[in-house]
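Step one of this worksheet: look at the structure below.
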Amino acid sequence: MSMFPGVRRWVLWAAAALAAVLLPAAARADGLIIIDHPPAALPGHFAFSPLQVSYHHVTVTVNGLVAETTVDQEFYNPNRERLEGTYVFPLPPGAQIDKLFLDIGGKMTEAELLPADKARALYEDIVRRMKDPALLEYAGRGAFKLRVYPIEPLTAKRIRIRYTQLLKSDSGMAEYTYPLDTEKFSSAPVKDVSVKITLDGNEPLKSVYCPTHPAEIRRDGDRRAVVGWEGKNIWPDTDFKVVFSRTPNPLGIDLVTSRQPGEDGYFMLLASPGVAAAAALEPKTGTSEVGADRDVGVQPKDVCFVLDTSGSMAGPKLEQAKRALQFCLANLGKDDRFEIIRFSTESEPLFGSLVPADAAHLSRARSFVDDLRPIGGTAIEDALADARRLRPAGTANTRPYTVIFLTDGIPTIGETREDPLVDSLRDAGHSARIFTFGIGTDVNTHLLDRIASETRAVSQYVLPQEDIEVKVSSFYSKIRDPVLTDLSLSFTNPSIRVTRVMPSTLPDLFNGDQLVVFGRYSGSGSAAVKISGTFNGKPLEFAADVSFPDSTTADSFVPRLWAARRVGWLLDEMRMHGESGELEDEVISLARQFGIVTPYTAYLVLEDEARRGVAENLRSFQELEEDRGAVDAAKSRLDSVRQEAASEADRAGASAVENSQALQGLKSVTNLPQAAPVTGLAKQPRGGAGQAAAGYRASQMQNYAQQVRMVAGRAFYQNGLIWTDSTAQSRSGLKQKQVAFGSAEYFALAETSPRAAQWLALGNQVDVVIDGYLVKIR
């Protein structure tokens, strides 16, 4: 895509418009109208304006393995002339169309079904006419074609489609893909894009995962879920994918792999108990099916709420925190036990022990919370000690123990050093999970992050403009029902070596939750994957048969998501413990190879390529290098990470909180947009060198972050009008050859493999490595 907001492919004279809009009922297939005979152009003007998309609604219902997709599109002709065109609907990958209905202006019309070879000829003809290779993306797929006439001036043309397809299932796992890569054809951002997919069936639904978009997944009982996503004024550029599995087993375990021939592979493991797994793990007499009380079959737990009431909490912060605690109290299970500890200059437990969550204790707790007042210093050492004493190390106890720790300051009373405070937690064993909430920015991020990490929990931060009640209560809702604790992962086939697993220490698994693990593997063959854990004090083990193939490219999202997590972990190691050559080299290599663009990685790549003397035409960020303000801003972010490692004084403040949030986010990515945080380079730097860059354009910085695309396993960087293969600079002795766009040699090149066609679909000026050559498309 062009880095200049107003310059896009719509300058092509044989313009076509793509409708790309999904609404909360949807999953859609890329329908577009190609104008057959554009009106003659006036001197110095375009012949006509491309069609605009008024809306695009798509609904998908998946019952078992049968998917029914409904598309409702409206194209608007902004011109004052009547047009005629061809509606082209590329089929989703692997789709076996059973029924297809098209309604144009209220009249049912039959479309022509083109097999893959005829569709390819149609795509290539459009590529020649439009001078745009985007449709090569669909080489190898069939299509539906329909003549659309008339398209009246200044009016809308509505097209509705409904088709069904049978999805494939592999060991209980199925996948629905919707070709949402629409930005290639759109002359302007799509006004409204949304997807809604309803999954229904007879067997319990376990894993439900969308790797391509930040979709919301809502479960409705144990057999049904709704996946929804929407966006406004965007260029969608990634197919929409949902992976799901069904099994009656208490724990669903699924493996997704990606591997290029001759290389080590990547895997993603999903494990989910669904929403009724706890009852299946330990059934009780008289329990009902879906819709039973949430405590049925759920582990009783111990919870300690620790709240900072120092003077700095005065005002809205304390009031919001108190409401959050009241929410948590209202959501304790009837068999749970709890305690509340408030701390300022000293620590004050309410009961002095864990007590049952009965009416009397809850009433007293609510009154205690209501009466909390801000005063004094910040005695974090005493508060942590009191929380530990509730569950001493070595105590025989079958309950999970969770601590919710909220503070808005750094330690000022008693022990104030990080290492002793963190070391003291190790004495409590591995039973406690301390989830830390830093309120505001005047907190020691290293201390809170280390406390959470040491206890298999997570840290979060509530920024000044955020509501503590909303953030804490939302988080508590997700972790209130633990299913399995102390998880571990193993594989049975000794010839398959699994390495660099992210996360290396598995978190606990909660009811309705999903464990997502990424890693690398060598070797191939069948194996059993085993997940061990504890439920109600009893060790349990679950296993599933999986396969590690020697070659598969179907799920290319897996390597990039693994790389993003790995980069996040490496950068966080640098933040917490300081730089080393090995850490830095691996960050640079992965960031360049997989297009992980953040302020931290962008500057490291710039440093590395300048140091190695990489030829300018092969560098990743050629235009970023020339933007002094942008370079200074990226350097400022990286320097802040380096300063945190060197000085405790730099571990608090807005910059430290921003670093922690950014790196924790990378370490836990679950979808592709999280792996490409395009706003990262657009943030205003703070302090030091950042002040010199205060005038840089945030919108331009965001464009730099968007100038990278992962296509068929390779990262391509856009500089000017040219897309450059990131692998070119690491390959010595490459021969070069130039191929004219649209020539016979060009289309022959596109036919060499599906990957080659996808690379060429990037644009009409591409530098790509194919068969030992740096092929320069011009």
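Model label sites at residue 118 and residue 732, defined 7 Å from Cα along the beta-carbon direction, differ in position by 5.3 nm.
Computed per residue of the chain from DSSP H runs no shorter than four, each worth -39500 (n - 2.57), the mean residue ellipticity at 222 nm is -8000 deg cm²/dmol.
The stretch between residue 314 and residue 364, if pulled fully straight at 0.36 nm per residue, gains 15.7 nm over its current Cα-Cα span. Comparing Cα centroids, region 488-555 and region 713-750 end up 38 angstrom apart. With both labels modelled 7 Å from their Cα along Cα-to-Cβ, the residue 108 to residue 128 distance reads 3.7 nm. Candidate cross-link partners of residue 334 among the aspartates and glutamates, defined by an alpha-carbon separation under 18 Å and a same-chain spacing of 8 or more, comprise 282, 293, 295, 302, 358, 481. Would you list, by chain and number, the aspartates and glutamates whose Cα falls below 19 Å from the Cα of residue 168, excluding same-chain residues fewer than 8 positions away? Answer for residue 168, where 19 Å is the Cα cut-off: 68, 98, 200, 203, 239, 254, 545, 555, listed by chain and number.
In units of the compact-protein estimate 2.2 N^0.38 Å, the chain shows a Cα radius of gyration of 1.02. The calculated FRET efficiency for residue 200 paired with residue 607, based on their beta-carbon distance and R0 = 60 Å, is about 0.70. Mind checking region 97-186 for GluC sites (Glu not before Pro) that DSSP puts in a loop (not H, G, I, E or B) and that have at most 15 other Cβ atoms within 10 Å? Counting only loop positions with at most 15 other Cβ atoms within 10 Å, the GluC sites (Glu not before Pro) in region 97-186 are 110. The slack between residue 171 and residue 419, meaning 0.36 nm per residue of separation minus the straight C-alpha distance, is 84.6 nm. Between residue 614 and residue 466, residue separation times 0.36 nm minus the direct Cα-Cα distance comes to 48.9 nm. Treating r as the C-beta distance of residue 158 and residue 263 and R0 as 35 Å, the FRET efficiency rounds to 0.15. The heavy atoms of residue 557 offer some 10 square angstrom of accessible surface to a 1.4 angstrom probe. Computed from the C-beta positions of residue 220 and residue 68 and an R0 of 30 Å, the FRET efficiency is 0.95 to the nearest 0.05. Is there a pair in 157/241; 196/635; 118/776; 538/667; 317/538 whose C-alpha atoms are over 32 Å apart, and which pairs would that be? Those over the limit are 196/635; 317/538. Computed with a 1.4 Å probe over protein heavy atoms only, the accessible area of residue 191 comes to about 120 Å². Taking 7 Å steps out from each Cα toward its Cβ at residue 773 and residue 674 produces label points 4.2 nm apart.
List the residues of region 547-567 whose backbone N lies under 18 Å from a point placed 7 Å from the Cα of residue 526 along the Cα-to-Cβ direction. Under cut-off, by backbone N: 547-551.
The values are calculated or read from the model by the stated rules, or taken from the named source; none is laboratory data. None of the values given here were measured: they were computed from a predicted structure. Virtual Cβ from ideal backbone geometry, glycine too; neighbours counted across all protein chains shown. These accessible areas exclude ligands, DNA and RNA; they are computed on the full protein's heavy atoms, side chains included. Shrake-Rupley method; radii C 1.70, N 1.55, O 1.52, S 1.80 Å.
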